[in-house]
Amino acid sequence: MSTETPTSAIGDVEGVSPYGVDNPAPVIEPPRQRTGKTPKGSRTNFEMYAWLFMRLSGIVLVVLVIGHLLIQLVLDGGVSKIGFAFVAGRWASPFWQVWDLAMLWLAMLHGANGLRTVINDYAERDNTRFWLKMLLYTATVFTVLLGTLVIFTFDPNIR
Amino acid sequence: MPAGTLYRGREGMWSWVAHRVTGVLIFFFLFVHVLDTALVRVSPEAYDDVVATYKTPLVALLEYGLVAAILFHALNGLRIVAVDFWSKGARYQKQMLWTVLGIWIVLMVGALYPVLGHAVREVFGS
């Protein structure tokens, strides 16, 4: 019979746990635990909704973007046929206007949230992080509004 | 040789790295792509001039790279959704990554001719 210390309730990944009754594992504080001192402003579920949005928009974008790639780069002569006339032909249909509008908004918000995560991960100084995110949000709002304006005000008889 | 840890240096970490890198690249392209498409509001000539650069052999190669990045990000994204929402997702994450890479290779072979065919004809004559 062995007299080993009882292993922890959490299964060991590899080998024998170094922790036991006489040598308990150190307690790790949850990094963002909410307490009475937590400011009211940060008591939202924003990060959870951002996480959910990435998955839901991602699934929709798989369909929208792969369809877009097929139309633009594969079918009917590939990239060679693209030109003003081709764009005019597609945006004559509300279906493709809505398709492109949905793709623009979802892809920009999905990408902006992805880059927000990347900035939060790698920019360590508070100031750097703040200004990088301001630059990101400015570019995102500008691009989304410009793209929306272009889809809604497109004029096939511009000349 | 021991495998190190469950995550570090293994499939989980490298797919995460590739997902980040492809995501950032796609976002930068998207920004440029909205700007070039906005030229349809300037004039048909301005738009057609810029789109002409998309048809050059060198940019065709970049387009193939863009397709590679988008397809990996899309397929691996579906794998992430499965890991998060499917009860057995975490257990099969490794098998799902190999499935993702298998489908990715098939699609990339399929995209060779449509995306690069015109560039090959232009460089080597038709």
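All of the numbers you see were taken from the coordinates with simple rules; none came from a lab. Please read these numbers as outputs of a predicted model, since none were measured by experiment. Note that we place each Cβ from the backbone using ideal geometry, even for glycine, and neighbour counts take in every protein chain shown.
What to note about this one:
- Average projection area in nm² (convex hull over Cα atoms of segment A:51-153, one quarter of hull surface): 7.8
- Degrees between helix A:46-69 axis and first principal axis of chain A (Cα, 0 to 90, nearest 10): 40
- Taken about its Cα centre, the protein assembly as shown carries a charge dipole of about 520 debye when Lys and Arg each add +1 at the Cβ and Asp and Glu each add -1 at the Cβ.
- Residues of type lysines that A:LYS81 reaches as a straight line, Cα spacing below 26 Å, ignoring anything fewer than 8 places off in the same chain: B:LYS55
- Helix axis angle, A:126-153 relative to chain A longest principal axis, alpha carbon, degrees: 30
- Projected label distance in nm at B:LEU101 and A:VAL63, using a 7 Å step from Cα toward the beta-carbon: 3.0
- Calculated [222 nm] ellipticity per residue, helices only, for chain A: -19500 deg cm²/dmol; basis is -39500 (n - 2.57) per DSSP H run with n ≥ 4, divided by all residues, nearest 500.
- Positive-end ranking of B:THR99, B:LEU58, B:ALA74 along the dipole of chain B, with charges on Cβ about the Cα centre, is headed by B:THR99.
- Cα-projected label distance for A:VAL21 with B:TRP14, points at 7 Å along beta-carbon direction, nm: 4.5
- Unit charges at the beta carbon, dipole of chain A: most positive-side option, A:TYR19, A:TYR122, A:PHE154: A:PHE154
- Hydrodynamic radius (Kirkwood) for segment B:11-124, which is based on Cα pairs only, to one decimal in Å: 16.1
- Compared with the rule-of-thumb size 2.2 N^0.38 Å for a compact globular protein, segment A:94-147 has a Cα radius of gyration ratio of 1.35.
- In a reduced charge model with +1 at each Lys and Arg Cβ and -1 at each Asp and Glu Cβ, segment B:11-124 shows a dipole moment near 620 debye about its Cα centre.
- For segment B:21-67 versus segment B:68-105, the gap between their alpha-carbon centres in whole angstrom: 28
- For segment A:45-89 and segment A:140-158, distance of Cα centres in Å: 17
- Computed E for A:LEU145/B:PHE28 - FRET, C-beta separation, R0 22 angstrom, nearest 0.05: 0.75
- Overall, segment A:51-153 carries a charge dipole of about 60 debye about its Cα centre when +1 sits on the Cβ of Lys and Arg and -1 on the Cβ of Asp and Glu, all other atoms neutral.
- Label-to-label distance for A:ILE28 and B:ALA82 is 2.7 nm, based on points extended 7 Å past Cα in the beta-carbon direction.
- Dipole of the protein assembly as shown, positive end: most advanced residue of A:PRO30, A:GLY111, B:LEU30 [Cβ charges, Cα centre]: A:PRO30
- Along each principal axis, Cα extent of the protein assembly as shown, largest first, Å: 88, 50, 33
- Folded to 0 to 90 degrees: helix B:93-124 orientation relative to chain B principal axis, Cα: 20
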